[in-house]
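Data first, discussion second: the structure below is written as structure tokens.
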Amino acid sequence: MTLDGLTSTPTDNLSIYPHHDSILLSLIIPTYKESGNISSLLNKLTALLDDIMPHKYELIVVDDDSPDFTWKIALALTADYPQLKVIRRTEEKGLSTAVIRGWQVARGEILGVIDADLQHPPETLINLWAEIEKGADLAVASRHVEGGGVSDWSVIRRFLSRGAQTLGLIILPNVIGKVSDPMSGYFLVRRRCLIGCTLSPLGYKILIEVLGRGKIGWIGEVGYVFQERQEGESKVTKTQYIDYIRHLIRLRLSLWQFTRFIRFGIVGFSGVFVDMTVLYLLSDPSTLALPLTRSKIIAAELAILNNFFWNDTWTFKDIAQKQPSKRQKLKRLIKFNIVCLGGLIINVLLLNFFFNIFSLNRYLANFLAIAVVTIWNFWLNLKLSWRSTDI
Ligand code: GDD
Ligand code: MN
């Protein structure tokens, strides 16, 4: 079901597209059961933004089929506010995907998000906008800088919020540590910082997805006091806390390129099989009994070709597909070979080191040498041969 002509189909990985209009700011208002707040918020926002950027902003309410008909109230208000758009999602639910869905249809150069329940003071937008005008890529309303704070939160809620932040600092220090209030749901970000990034958030914390996957340079922070809710109640349940932990782990693994490393390791194993089989056929006393080093070089080269084929069609497929020409493929093969030959030299040195110095069994020595070289090969090939052109 869509409203205002906007389609809203379930999407997993969400991409943001270039903007094409003279709209400066697209502010997303995610709503779920906010019928008691939405009119007053829209009133305040339009009064404020008409002042600082008349006709250059849009407000996009993204409602998840609220049973209190928030979407209907907002839609009725589009008659008073032509700069207001309303999306009613009926097949998806969730705060952070609602925000990204709104950003996908947004036209502004600057994308933003604010809660619908007046807990994020609209007037803080003025200071956020000032940070953007100073050149910030991201302007975050923070409860933990000068002028920031929360109204009378319970000790438990304060503890949970700070606890969540501490957990984030442990799992994703170089993401969560970028701002003083990574839990904030109130910020503005330059669209160009998100173009080409695949955002796949979970739960409430859209900001950590932006910090983790966006191409964010300068970050500005402004203090605000998180207000008491006027109407309705918070939708935060333990599900959001579980989603937050899942989100942290998923972001951590994907920033480590963990899945890709596992695939690279599996391909490497197939290469080990090729390497060992050819090494046996060429060098074992019971077969051709060729000299060890010469056999190893032939075995390794055949393993490299095997690994290139599988890495290019599986491990790095998403990146290889963006560089499809035969010339680009040949360039990747040459780079892959050079990186792996560097790895081969290390491999042969380590093999001889473990075999001759530590008198390890030749196959165990070879296996250890290959393990060390696999990490070298993964990291260097990721940086060189399949250099990712997007985040
Ligand atoms: N579309 C949509 N779908 N909106 C939702 C959903 C949903 O599933 N769940 C909540 N919202 C909307 C609410 O209507 C409100 O506008 C906003 O998201 C925040 O929801 P609350 O339930 O009021 O969250 P909170 O007040 O406990 O926490 C908020 O403030 C914190 C501090 O900035 C959230 O924004 C947190 O993410 C944030 O950390
Ligand atoms: Mn709230």
For the stretch 54-70, state whether one or more residues are open to solvent by 20 Å² or more (accessible area, probe 1.4 Å), in contact (Cβ under 8 Å) with a residue 60 or more places away in the chain and in contact with a helix residue (DSSP H, G or I) (Cβ under 8 Å, 6 or more places away or on another chain). yes
In the stretch 277-336, the residues that are surrounded by 14 or more Cβ atoms within 10 Å (Cβ to Cβ), within 14 Å of Arg387 (Cα to Cα) and among the acidic types (Asp, Glu): Asp312
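For (1) basic (Lys, Arg); (2) within 34 Å of the chain's Cα centre (by Cα), each residue gets a yes or a no:
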| residue | (1), (2) |
| --- | --- |
| Arg332 | yes, yes |
| Gly342 | no, yes |
| Phe353 | no, no |
| Arg362 | yes, no |
| Ala365 | no, no |
| Phe378 | no, yes |
| Ser385 | no, yes |
Could you please let me know if Gly203 is within 15 Å of ligand 2 (Cβ to nearest atom) and in contact (Cβ under 8 Å) with a residue 40 or more places away in the chain? yes
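Could you please find all residues in the stretch 60-84 being among the acidic types (Asp, Glu) and in contact with a strand residue (DSSP E or B) (Cβ under 8 Å, 6 or more places away or on another chain)? So that I can check it myself, show each step before the final result.
Kept after step one, since they are among the acidic types (Asp, Glu), are these residues of the stretch 60-84: 63-65, 68, 80.
The answer is Asp63, Asp64, Asp65.
Conditions (1) more than 16 Å from ligand 2 (Cβ to nearest atom); (2) open to solvent by 10 Å² or more (accessible area, probe 1.4 Å); (3) closer than 20 Å to Ala130 by Cβ, marked per residue:
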position: Leu188; (1), (2), (3): yes, no, yes
position: Cys197; (1), (2), (3): yes, no, no
position: Trp218; (1), (2), (3): yes, yes, yes
position: Gln227; (1), (2), (3): no, yes, no
position: Val236; (1), (2), (3): no, yes, no
position: Thr239; (1), (2), (3): no, yes, no
position: Asp243; (1), (2), (3): yes, yes, no
position: His247; (1), (2), (3): yes, no, no
position: Arg250; (1), (2), (3): yes, yes, no
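Could you please find all residues in the stretch 62-115 being more than 16 Å from ligand 2 (Cβ to nearest atom) and of a type in the set (Asp, Glu)? Even if it seems obvious, please write down each step before you answer.
The initial filter retains those residues of the stretch 62-115 that are more than 16 Å from ligand 2 (Cβ to nearest atom), namely 65, 67, 69, 71-93, 97, 100-112.
Result: Asp65, Asp80, Glu91, Glu92, Glu109.
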Any pair with Cβ under 7 angstrom, 6 or more apart, that starts in the stretch 228-247 at a residue that is in the same structural domain as Lys205 (by TED's automatic domain parsing) and ends at one that is open to solvent by 70 Å² or more (accessible area, probe 1.4 Å) and outside any helix (DSSP H, G or I): Gly232/Lys33
Inspect the stretch 136-157 for any residue being away from ligand 1 (no atom under 12 Å from the Cβ), in a helix (DSSP H, G or I) and either open to solvent by less than 50 Å² (accessible area, probe 1.4 Å) or of a type in the set (Asp, Glu) (or both) and give the result as yes or no. no
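One line per residue, one yes/no per condition, for (1) in contact (Cβ under 8 Å) with a residue 40 or more places away in the chain; (2) more than 19 Å from Ala47 (Cβ to Cβ); (3) more than 14 Å from ligand 1 (Cβ to nearest atom); (4) not β-branched (Val, Ile, Thr):
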site	(1), (2), (3), (4)
Ala76	no, no, yes, yes
Val99	yes, yes, no, no
Ala106	yes, yes, yes, yes
Glu109	yes, yes, yes, yes
Pro122	yes, no, no, yes
Ile126	yes, no, yes, no
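The values are calculated or read from the model by the stated rules, or taken from the named source; none is laboratory data. Note that the structure is a prediction, hence the values are computed from the model and not measured. Ideal geometry is used to build each Cβ from the backbone, glycine not excepted, and the neighbour counts take in all protein chains shown. When the accessible area is computed, the model is the full protein with side chains, heavy atoms only, and any ligands, DNA or RNA have been set aside. Shrake-Rupley method; radii C 1.70, N 1.55, O 1.52, S 1.80 Å.
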